[in-house]
Every structure is written in structure tokens, then in C-alpha cells.
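J.: Structure incoming, see below.
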Amino acid sequence: MDLIIRNVNLPDGRIGIDIGIKDKKIMEIESPLNFKANEEIDASGFLVCPPFVDAHFHMDATLSIGKPRLNKSGTLLEGINLWGELKPHLTFKEIKNRALSYCDMAVARGLLAIRSHVDICDRRLLAVDALLEVKKEVSSYLDLQLVAFPQDGYYRSPDTINLLNTALDRGVEVIGGIPHFERTMEDGKKSVGALCRIAAERGLLVDMHCDESDDPLSRHIETLTAETTRHGLHGRVTGSHLTSMHSMDNYYVSKLLPLMSEARMNVVANPLINITIQGRHDTYPKRRGMTRVPEMIKIGLNVAFGHDCVMDPWYSLGSADMLEAASMGLHVAQMTGIEEMKSCFQAITEFPAKIMGLEGYGLEKGCNADMVILQAADPIEALRLKPNRLFVIRHGKIIARSQPVQSELTLPGRPKLINFLK
């Protein structure tokens with residue numbers, strides 16, 4: 001074996017397991033593993049999980065906070081306006097350097113797969129070219145999947161129809177959209193149909209910002225679901241945000257959810273951003289804004305949590321920690337049951353991996369030797385503590401590590417080391 005990780009706990013509840021790695025793959029996973037290896041790690045009963053996955057992010061904007069100024073209102077529209085002001089001043093080098101810096105942050109947090117929407121409403125397509133180059137440079141340690149995202153509207157923004165096709169021709173592999181930002185509901189509906197048709201013709205995936213609004217009458221998810229079925233795109237389409245569903249009439253949702261299930265829709269909620277941006281026009285009571293995650297999971301939809309933004313025109317905080325996004329989602333959706341909390345952990349690991357179509361993902365024999373050792377005993381403890389990533393492993397090689405955290409108390413008569421795990 002090239003590497004053996006001994007005495008690990010797995011997310012499915014197995015404890016004291018050994019993982020044997022050879023030729024970039026998991027060759028054995030059992031207890032005990034009676035082999036020797038070139039290198040061994042004693043996990044000491046800590047949790048090993050597959051890498052964290054973020055199925056919704058904006059890497060072209062990340063780490064641009066304060067340019068040209070901060071978002072004072074905290075609203076989605078002011079963020080879009082700020083980004084529009086910044087775009088003419090962007091350079092290839094700046095976009096690339098910020099993206100690479102974020103990738104470094106991600107690896108340190110055990111985040112090794114990201115789907116990033118990239119704004120195509122710039123005739124230079126600088127962000128497209130910069131992120132395609134970043135994708136190549138980080139490919140040995142991070143999977144970066146790009147979405148052609150018409151930030152300013154597929155019909156609303158000039159030349160976007162041609163720009164989207166150009167971006168796809170250059171290698172962007174997912175089709176995006178933003179129907180609720182078109183000038184009319186009718187244009188939004190038309191954009192969904194046109195974009196799904198292109199996806200069917202090109203054999204591509206779809207991931208649309210859909211109904212990122214408090215308006216209960218913003219119902220483009222219904223159109224997206226219908227077009228998914230019409231074009232035979234079952235399981236290949238993702239609706240991101242879907243925040244209007246938080247405000248929709250329950251009777252209408254009772255019709256909508258079965259249609260989404262029939263189309264095998266994927267969903268990405270972005271708890272940190274949804275809870276921050278939505279409800280800005282409310283006084284009290286204030287709506288939470290996040291879509292109906294527990295109801296969707298209950299009917300069998302594949303639902304993931306995304307980070308969406310880090311230090312950009314829409315969100316001033318963030319650190320590439322998917323456990324933070326999952327923790328917020330858990331609290332906002334009131335998913336505090338044991339199985340519900342486990343689902344929240346899956347929403348930043350295996351569920352988004354399925355959305356991205358990651359091959360060889362997981363902790364089974366034959367899977368890629370990609371994993372994270374956390375200073376926690378199980379997924380629920382990881383959500384509670386957001387602990388150190390002791391080791392981050394890619395293709396059987398350690399690419400990041402940190403020391404366990406403990407504190408030394410010097411209270412009168414009670415000197416001791418305290419471990420925050422228990």
C-alpha cells in the first residue's frame with residue numbers, strides 16, 4: 001500500500017476502520033487491515049469523510065469585497081449593480097489571482113470540488129478565459145466545473161445569446177440562466193425554454209439561478225421543471241436558490257413538488273446568502289427566505305447546500321468552510337433531528353457530488369483516494385464544532401494538514417487540558 005489510514009470513523013457510523021490506498025485509489029476499507037504501507041496515519045478515532053463539495057459558487061467575483069464599494073443595503077439588486085460597475089475594470093490577471101487564492105482557501109478546508117457560475121455578460125469574456133485557465137492549473141488537486149451564467153439576463157443583456165454559445169465553445173460545460181432577472185415574466189419563461197433546448201442539443205447539464213426572490217408569484221421553477229421533462233433532461237437540471245418557494249402558497253407547492261420529483265430535479269440552496277439577502281423588504285415578521293429543503297429531501301429530491309459567495313458584492317463574510325453553510329442550513333430549516341442533521345452533512349458531500357457528476361467519489365473500495373480527516377468523531381459533531389481539517393488527501397497524497405486544537409486551562413486548583421470534542 002502507498003498509504004494506510006488507521007482507526008477512522010466513517011460517516012455511515014462504522015468505527016475503528018482502516019483505509020488502504022494504492023495507485024490513487026481506495027484498495028481496501030476494513031478493520032483491521034493487515035498490510036504495511038509506505039506511509040501511515042493514525043486517525044485516533046476521528047472522522048474521515050469524502051471531500052467537501054460546493055455545487056454553487058461565484059469564483060469570478062470572490063475576494064473582490066469593497067470594489068468599487070460595499071453593499072450598504074445588503075440586497076441582491078445592489079450587489080448586481082456593484083458587480084456591473086466593477087466589470088469594466090476587471091483584468092484577466094486579477095480574476096485569475098483572486099480565484100487561485102480562493103482555491104488555496106478551499107483546499108485548506110477540505111473543499112476539493114466546486115461548481116462556479118461565471119458571468120458571460122462581458123464582451124471580452126475575461127472571466128471565462130481566466131477561470132478556464134484556473135481550472136487547468138488546479139486540476140491535480142481540485143475539480144472546478146464552470147457554468148455559463150448570463151448574470152444580466154439572457155434576453156435582457158445585449159449579445160448574451162452569442163456570448164453564451166462562445167463560452168460553451170471555449171469549454172464551459174454547464175448552461176446557466178437567471179429568468180427572474182429578465183425584463184418580464186414572459187421573457188424569463190422564454191429564456192428557460194431556450195437554454196434547456198441548447199442543453200439538449202449540446203448534451204450539457206443545466207444549472208439556473210431560479211426565483212431568487214421573495215415574490216411568491218416568481219414561478220420559473222415550474223417552467224424549468226416542465227422544460228426538463230419536455231427535453232428529456234431528467235436528473236441533469238439543477239434549480240439554484242428557489243427562494244420564492246419559501247413564500248409560495250402551500251397548495252401550489254403541493255402541486256409543484258411532485259412535478260419536480262417526476263423530472264428528477266436537483267436543487268441547491270445557499271443558506272448563508274439566502275438568509276442574508278432575502279426578506280430585506282419585510283418589517284416584522286421577517287421571512288427566512290431559504291427554499292423548502294426538508295420537504296424536498298423527504299420526497300427524494302437531491303438537495304445540496306452551496307456557499308455561493310465569499311467576500312464579494314453580495315456577501316462580506318465567508319471562509320470556504322462548507323460546514324458553516326451546512327450549519328446555517330440546519331438551523332434555518334430547523335433540521336435538528338438526527339437523520340435530518342446527517343442529511344445536512346450529506347448536502348455538502350455526496351449530494352452535491354452527484355449534482356456535479358463527480359466520478360469515483362466516495363469512501364468505498366475502488367473510489368478515488370480523496371478524503372478529509374476532521375477533528376470530530378462523527379458528522380453531527382463536525383456540524384456542531386466546524387473542526388480542524390487534520391489532513392486533506394487527494395489521489396492518496398496529503399495536500400494540507402493542521403494540528404489538533406486543544407486548550408490548556410490554568411484555573412486555580414484545576415490545571416488541565418480541555419478537548420472541545422466532548
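The values are calculated or read from the model by the stated rules, or taken from the named source; none is laboratory data. What you are looking at is a predicted structure, and each value in this text was computed from that prediction instead of being measured. Here Cβ is always computed from backbone atoms with ideal geometry, including for glycine, and neighbour counts include all displayed protein chains.
J.: Strands (runs of 3 or more DSSP E) wholly in the range 307-411 with at least 2 residues that are at pLDDT below 95 and not charged (D, E, K, R) - which ones?
T.: 407-411
J.: Of all the strands (runs of 3 or more DSSP E) wholly in the range 26-67, which have at least 1 residues that are surrounded by 20 or more Cβ atoms within 10 Å (Cβ to Cβ) and of a type in the set (Phe, Trp, Tyr)?
T.: Output list reads 52-57.
Here's the yes/no breakdown for (1) touching a residue at least 12 places away in the same chain (Cβ under 8 Å); (2) more than 26 Å from residue 294 (Cβ to Cβ); (3) surrounded by fewer than 15 Cβ atoms within 10 Å (Cβ to Cβ); (4) among the aliphatic types (A, V, I, L, M):
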site	(1), (2), (3), (4)
181	yes, yes, no, no
231	yes, yes, no, no
251	no, no, yes, no
254	no, no, yes, no
260	yes, no, no, yes
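J.: Then there is this: Looking at the range 93-149 only, could you name the residues that are surrounded by 17 or more Cβ atoms within 10 Å (Cβ to Cβ), part of a loop (DSSP other than H, G, I, E, B) and among the hydroxyl-bearing types (Ser, Thr, Tyr)?
T.: The answer is 141, and nothing else.
J.: Moving on. How many of the residues making up the range 295-313 are surrounded by fewer than 24 Cβ atoms within 10 Å (Cβ to Cβ), farther than 20 Å from residue 50 by Cβ and in contact (Cβ under 8 Å) with a residue 40 or more places away in the chain?
T.: Total meeting the criteria: 4.
J.: Can you confirm whether residue 48 is touching a Pro at 6+ places or on another chain (Cβ under 7 Å) and of a type in the set (A, V, I, L, M)?
T.: Values: touching a Pro at 6+ places or on another chain (Cβ under 7 Å): no; of a type in the set (A, V, I, L, M): yes.
So residue 48 does not fit the description; no.
J.: Kindly indicate whether any position in the range 155-173 is touching a Leu at 6+ places or on another chain (Cβ under 8 Å), of a type in the set (S, T, N, Q) and within 21 Å of residue 208 (Cα to Cα).
T.: yes
J.: All but one of (1) under 19 Å from residue 180 (Cβ atoms); (2) modelled with pLDDT under 95 hold for residue 286, so report the exception by its number.
T.: Unmet for residue 286, out of (1) under 19 Å from residue 180 (Cβ atoms); (2) modelled with pLDDT under 95: (1).
J.: Which residues, taken from the range 223-262, are in a loop (DSSP other than H, G, I, E, B), farther than 15 Å from residue 199 by Cα and aliphatic (A, V, I, L, M)?
T.: Taking the range 223-262 and keeping what is in a loop (DSSP other than H, G, I, E, B), we get 231-236, 242, 247-249.
Of the ones still in play, those that are also farther than 15 Å from residue 199 by Cα are 242, 247-249.
Of everything in the range 223-262, those that are in a loop (DSSP other than H, G, I, E, B), farther than 15 Å from residue 199 by Cα and aliphatic (A, V, I, L, M) turn out to be 242, 248.
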